[in-house]
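Undergrad: For reference, the structure I am asking about is given below.
Just so you know, all these numbers are worked out from the coordinates, no wet-lab data involved. These figures come from a predicted structure and were not determined experimentally. FYI the Cβ positions are ideal-geometry reconstructions off the backbone, even for glycines, and counts take in every protein chain you see.
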2 protein chains.
Amino acid sequence: MIKRFTTTAFALGICMYAFAQEAPDAAVISKIRKEGLENSKVMDISFNLTDVNGPRLSNSPGLKRAQEWAMKQLTDWGLKNAHLEAWGTFGKGWQIDKYYAATTLPYYHAIIASPKAWTPGTNGPIKSDVVLIKADSVADLAKYKGKLAGKIVMMDAGAPLTSGIRPDFSRYADTTLAKMAEAKPMAGGQRGPRPGGANNMMAQMMKMREVRAAMSAMLVEEKVGLILTYARGGQGTFFTSNGASYALDAKPVSPELEVAAEDYLHILRLLRAGKTVEIEADIKTSFYNQDPQGYNVIAEIPGTDKKLKDELVMIGGHFDSWHAGTGATDNAAGSAVMMEAMRILKSIEFKPKRTIRIALWSSEEQGLFGSRGYVAKHFGDPKTMVLTPDQKKISAYYNLDNGTGKIRGVYLQGNEAAGPIFKSWLTPFADLGATTITVSNTGGTDHQAFDAVGIPGFQFIQDPMDYNTRTHHSNMDTYDRLVEDDLKQAATIIASFVYNTSQRDAQIPRKELPAAPAAATTGTTAPARN
Amino acid sequence: MIKRFTTTAFALGICMYAFAQEAPDAAVISKIRKEGLENSKVMDISFNLTDVNGPRLSNSPGLKRAQEWAMKQLTDWGLKNAHLEAWGTFGKGWQIDKYYAATTLPYYHAIIASPKAWTPGTNGPIKSDVVLIKADSVADLAKYKGKLAGKIVMMDAGAPLTSGIRPDFSRYADTTLAKMAEAKPMAGGQRGPRPGGANNMMAQMMKMREVRAAMSAMLVEEKVGLILTYARGGQGTFFTSNGASYALDAKPVSPELEVAAEDYLHILRLLRAGKTVEIEADIKTSFYNQDPQGYNVIAEIPGTDKKLKDELVMIGGHFDSWHAGTGATDNAAGSAVMMEAMRILKSIEFKPKRTIRIALWSSEEQGLFGSRGYVAKHFGDPKTMVLTPDQKKISAYYNLDNGTGKIRGVYLQGNEAAGPIFKSWLTPFADLGATTITVSNTGGTDHQAFDAVGIPGFQFIQDPMDYNTRTHHSNMDTYDRLVEDDLKQAATIIASFVYNTSQRDAQIPRKELPAAPAAATTGTTAPARN
């Protein structure tokens, strides 16, 4: 193990001295392993987050229940100062109070679907034949005017399904990990230029958006009864979209169902063939406008070193989820692992030099809002790069949000200097499959909020499992998808990283500070993928 | 192609003369291929059987609709004498008129499930906490007496789910087909003795059955509101069981839902942890007692040869299905392929020597009842082996009922003499992947009814696809699972087999007649698997 390790270290051009210095305290790591692997509570935490508290859509009652539970649990373990901290204004909460829909013609068949997030219900049971809307342009919509009041409608869209010729489930092959390890840093962390043809695609997308916006407005005006929307997926699994607007002043939208592919395509084939399809539905949803603030759960193990206790190590994951499943892999898994890491450290009665803080973010799914709001308040503004004094006091932030897969290594986010340190810290976990350091970036989750203001922020490399095929934003993201051994491994490794970071003489080295974006840039962000 | 063929032929110990004699008429085969592959209607037929007419449970309105449609379609193509023919008494028809169920505590969640076949509804909306019943013996049931009126109950059963590490979908590898081709006939077609331990297993099963029967009676007596039953499957796919009794004098049973694994396990985990789960449900089902007869659809292309027109070639597949999907691969696929084969033969204006008859069986799912009833009436009684004169007039029966996979060859059912004939008939389809002759038996479907009275009855070897993983008796057995190219191939090959059988000078050779079972044997049959 040492030999392999040394070879890799030289390949990275780092001298042996650094490793000797970074070598983790074997006795402590052994305690952490024992607690994390043999006395784990990670499945119990996961059960509470998913089965007991349910979906955790931003600002929903489910999220609030889970937040209350987490604060109590963290306090019960002995963490200090567990509290909800507002990160800014989010908007409306929402939840499903009833979902029922079925075809009644040509025969009875109950439909697998879910109300689209932040859409209203049907205001009681409705029944109508289904109108197929074919519209490639705003002008095409005119022919439907005056004909849609109370009707159930669907668009002529949706691709035939293909069968599962590849397994749903995968782990990283050694060769893939080796390639990751060989990645070179990108100059300035910039992405390459867009490939040719982007303008055409953009124009098409803009046109589609225009049609959709016009359609949405028309359907509200027409007082349509219910929209059926094709949901990607298959075989009973469906993936939800980003939902309607949650803004307090959002324009009204129509009731809308995201319908599993089989049921959608069934209705679509019948309508295309000129058959009558009749549907009955009864959908109730509730909106929560009383408190539009968004909140993160924060708790600590206070530092004990005179010089270092005002410094921080942070860990976190997003606590919010989508609504069709119980957000087990996205991201009860990461949240449970981070809570379990804190429990492990309390359980071995660790007294850290630096303060250790856990953050369970909200509204990650809408654009990393919870972590970005927190970072803006505590550490600095990525738009102006005006930083707070505390920005210098946080050593690192560690995040977990890529599903239930075990940790295979760390993405450095271009921070080459952190590589040999983490390589050393992973050494005791080579037998658990965590060996890979890649200089590459990974995106789509909350470590980016920290990285954006120059704080070392990291997401671990995790085995993909069935995240992309079955669970990510799907109705099948349930407790059943969690793999106990993988979550135990992740919590154990993260507890050790947190331990090492809190005790290390120096902070984790930093990259060069990012430049503030040009003044004209408003700092809008791409939609989050996690 | 010829060379490979010859080699195999010698391996089977057959002289070349036989092949020359059996060589199909190239011009006719070419016409059949062109019509079957380039002008196919098989997907349109499948669409009508599945999407338009819906589930086709034995004696349900859906089956009757599909039968009416098939008779009209066969007649429109020019087949003669399309009619419903009673095969005997089946029992009650049944269908779902409404299905709705959702947890309301600890939070709202709509449940993926289906009423169990031939169970009653809830007689209006009901709502109750869920009672977890733990009973390993009849005595264990006593503690629940007097406590279950109107309650929703479930058993403490159901295994944790595993992830999809193997693909859902597969085709036969060349090596697998080669092994099939090498199979040796079993002496007398008998299965080997049961492995040791069977008595213990049987005793356990008998005990479980006893508990179940006692439980079922108690739950009816207690007037339980609804039983939730674990349905095998995962990720939104669930497999239904064989249902309750459809007999006209069936004992009353409780309302019962077969619940998708994720939803069942969710509730079970909560109950095991001592949490309250409340469910609301509204289930309506209808029974149809007016006509307990079961019917097959029969139609013909009459023979034209003076000597041979009273002889028969039969093809068929079962037309009935289970109720949670639309029975696309089980067995709209086989039915559509057989109908399409008849259409192809009419379309090329084929005038057969022998009469060609198609049979679309009903109640296969309950024990091959449709085909067994038909065979008993027309050809003989497998219990006594008293045969009719017509038993000698039927050359062969061909069946298709192993899903949407293309034909890879033929199971000979131990009829070695038919091997070289079929080998020759497959020659023109080697480019379509159909090359394998195996002497082996395959079971679980309607060719067995013919085989049982000494009539050459064959089921084709078909690629497995996702039949066992996703579609067989599942809620996901829908049109989406049908593979167009495979169904076209199958219809083309079967049309050619029917053509060859109808024109062949002699009938297909027969195996030795099976002996009549001992007088004491009542001829009960294992439950069908297809």
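Undergrad: Take the alpha-carbon centre of the range B:69-129, take the same for the range A:128-179, and report the distance between them in whole Å.
TA: Using only Cα atoms, the two centres lie 28 Å from each other.
Undergrad: If you don't mind, another one. Which distances in nm, rounded to one decimal and ordered from shortest, link the label point of A:L387 to the equivalent label points in the other identical copies, with labels set 7 Å from Cα toward Cβ?
TA: Inter-copy label distances (nm, one decimal, shortest first): 9.4.
Undergrad: Quick one: Debye curve from the C-alpha atoms of the protein assembly as shown, no solvent, what's log10 I(q)/I(0) at q = 0.05, 0.07 Å⁻¹?
TA: Evaluating at q = 0.05, 0.07 Å⁻¹ gives log10 I(q)/I(0) of -0.39, -0.74.
Undergrad: If Lys and Arg each add +1 and Asp and Glu each add -1, what is the summed charge of the other residues whose beta carbon sits under 14 Å from the beta carbon of B:K145?
TA: Working: positive: B:K143, B:K147, B:K151, B:K223; negative: B:D140, B:E221, B:E222.
Taking every other residue near B:K145 into account, the sum is +1.
Undergrad: Express the relative contact order of the range A:217-271 as a whole percentage, based on alpha carbon pairs under 8 Å and six or more residues apart in sequence. Before the final figure, lay out the partial values.
TA: Values: 63 pairs, mean separation 25.3, N = 55.
Normalised by residue count, the contact order of the range A:217-271 is 46 percent.
Undergrad: Apply the Debye scattering formula to chain A, with a single equal point scatterer on each alpha-carbon and no solvent, then give log10 I(q)/I(0) at q = 0.09, 0.10 Å⁻¹.
TA: -0.69, -0.84
Undergrad: Going down the table (A:K284/B:K251; A:K223/B:K151; A:K145/B:K127; B:K307/B:K346; B:K92/B:K377), which pairs top 32 Å between alpha carbons? Display every interim value, and only then the final one.
TA: Working: A:K284/B:K251 39 Å; A:K223/B:K151 40 Å; A:K145/B:K127 42 Å; B:K307/B:K346 22 Å; B:K92/B:K377 22 Å.
Beyond 32 Å: A:K284/B:K251; A:K223/B:K151; A:K145/B:K127.
Undergrad: May I ask you to compute the full-extension gain from B:K145 to B:K275, defined as 0.36 nm times their residue separation minus their alpha-carbon distance, rounded to one decimal in nm?
TA: Working: separation 130, 0.36 × 130 = 46.80 nm, distance 2.19 nm.
Once the chain is fully extended between B:K145 and B:K275, it gains 44.6 nm.
Undergrad: The range A:61-149: percent of C-alpha pairs farther apart than 18 Å? Don't skip to the answer; put the middle values down first.
TA: Working: 2741 of 3916 pairs.
Result for the distance tail: 70 percent.
Undergrad: Using a cut-off of 10 Å between beta-carbons, work out the net charge of the residues near B:W322 (Lys and Arg +1, Asp and Glu -1, B:W322 not included). Don't jump to the answer; show the numbers that get you there.
TA: Numbers: positive: B:R56; negative: B:D320, B:D330, B:E365, B:D477.
Summing Lys/Arg as +1 and Asp/Glu as -1 gives -3.
Undergrad: Per residue and in Å³, how big is the convex hull formed by the alpha-carbon atoms of the range A:27-184? The partial results should precede the final answer.
TA: On the way: hull volume 51.5 nm³, N = 158.
Here the figure is 326 Å³ per residue.
Undergrad: Gain in length, A:K34 to A:D431, computed as 0.36 nm per residue apart minus the alpha-carbon separation, to one decimal in nm?
TA: Working: separation 397, 0.36 × 397 = 142.92 nm, distance 1.42 nm.
Answer, rounded to one decimal: 141.5 nm.
Undergrad: At what distance in nm do the modelled label points of A:E416 and B:I165 sit from each other, each positioned 7 Å from its Cα along Cα→Cβ?
TA: 3.9 nm
Undergrad: What is the local net charge at B:E210, summed over the other residues whose Cβ is closer than 14 Å to its Cβ (Lys, Arg +1; Asp, Glu -1)? Could the numbers behind the result be given before it?
TA: Numbers: positive: B:K207, B:R209, B:R212; negative: B:D136, B:D140.
So the environment of B:E210 carries a net charge of +1.
Undergrad: Could I ask something else about it? Wrap a convex hull around the Cα atoms of the range A:283-429, take a quarter of its surface area, and give that in square nanometres. Write out the running numbers ahead of the final one.
TA: Details: hull surface 47.5 nm².
That works out to 11.9 nm², a quarter of the Cα hull's surface.
Undergrad: Give the nm distances, rounded to one decimal, from A:R209 to the matching residue in every other copy, measuring between label points 7 Å along Cα toward the beta carbon; shortest first.
TA: Output for A:R209: 6.6 nm, nearest copy listed first.
Undergrad: Any idea how far apart B:W69 and B:N200 come out in nm if each label point goes 7 Å out from Cα toward Cβ?
TA: Going from the B:W69 label point to the B:N200 one covers 5.1 nm.
Undergrad: Out of the range B:320-423, which trypsin sites (Lys or Arg not before Pro) are coil in DSSP terms and have no more than 16 other C-beta atoms within 10 Å?
TA: On the way: sites: B:R343, B:K346, B:K353, B:R354, B:R357, B:R372, B:K377, B:K383, B:K392, B:K393, B:K406, B:R408, B:K423; in loops: B:K353, B:R354, B:K383, B:K406.
The qualifying sites are B:K383.
Undergrad: To the nearest whole number, what is the average tally of beta carbon atoms from other chains within 10 Å of the beta carbons of peptide A:470-479? Intermediate results must be reported in sequence, preceding the final value.
TA: Working: counts 5, 2, 0, 0, 2, 6, 8, 1, 7, 6.
Per residue, the number of nearby Cβ atoms from other chains is 4 on average.
Undergrad: Then there's this: Where does each of A:S60, A:S170, A:S286 land when they are ranked from fewest to most other beta-carbon atoms within 10 angstrom?
TA: Details: A:S60 24, A:S170 19, A:S286 15.
So the ranking, lowest neighbour count to highest, is A:S286, A:S170, A:S60.
Undergrad: Using only Cα atoms, what is the ratio of the radius of gyration of the range A:207-283 to 2.2 N^0.38 Å?
TA: Details: Rg = 14.0 Å, N = 77, 2.2 N^0.38 = 11.5 Å.
So the Cα radius of gyration is 1.22 times the expected 2.2 N^0.38 Å.
Undergrad: In chain B, which longest range has no GluC sites (Glu not before Pro) that are both DSSP loop (not H, G, I, E or B) and surrounded by at most 14 other Cβ atoms within 10 Å? The partial results should precede the final answer.
TA: Details: sites that count: B:E182, B:E349, B:E512.
The longest uninterrupted stretch comes out as B:1-181.
Undergrad: Counting only C-alpha contacts under 8 Å and six or more residues apart, can you give the relative contact order of the range A:279-397 as a whole percent?
TA: Values: 167 pairs, mean separation 41.6, N = 119.
With pairs under 8 Å counted, the relative contact order is 35 percent.
Undergrad: May I ask you to work out the translational diffusion coefficient for the range A:185-313 at 10 °C, viscosity 1.306 mPa s, via Stokes-Einstein with Rh from the Kirkwood sum over Cα pairs, reported in whole µm²/s?
TA: Numbers: Rh = 20.5 Å.
Using the Kirkwood radius from Cα pairs, D works out to 77 µm²/s.
Undergrad: What residues qualify as long-range amide H neighbours of A:N242, i.e. H under 5 Å apart, gap of 5 or more or another chain, H built at 1.01 Å from N?
TA: none
Undergrad: With contacts defined as alpha carbon pairs under 8 Å and 6 or more residues apart, what's the relative contact order of chain B in percent? Numbers along the way, then the final one.
TA: Values: 1122 pairs, mean separation 121.4, N = 530.
Relative contact order comes out at 23 percent.
Undergrad: Right, something else. At R0 = 22 Å, how high is the FRET efficiency between B:R212 and B:K383 if r is their beta carbon distance? Nearest 0.05 is fine.
TA: Values: r = 30 Å, r/R0 = 1.35.
FRET efficiency, B:R212 to B:K383: 0.15.
Undergrad: Tell me, for the rotation carrying A onto B, which chain A residue has the beta-carbon closest to the axis and what that distance is in whole Å.
TA: Nearest residue, distance rounded to whole Å: A:G236, 1.
Undergrad: Pop out the ³J(HN,Hα) list for the range A:477-494 in order, Karplus 6.51 cos²θ - 1.76 cosθ + 1.60 with θ = phi - 60°, rounded to Hz; leave Gly and Pro as x.
TA: 7, 10, 3, 4, 7, 7, 10, 4, 4, 5, 5, 4, 4, 5, 5, 5, 5, 5
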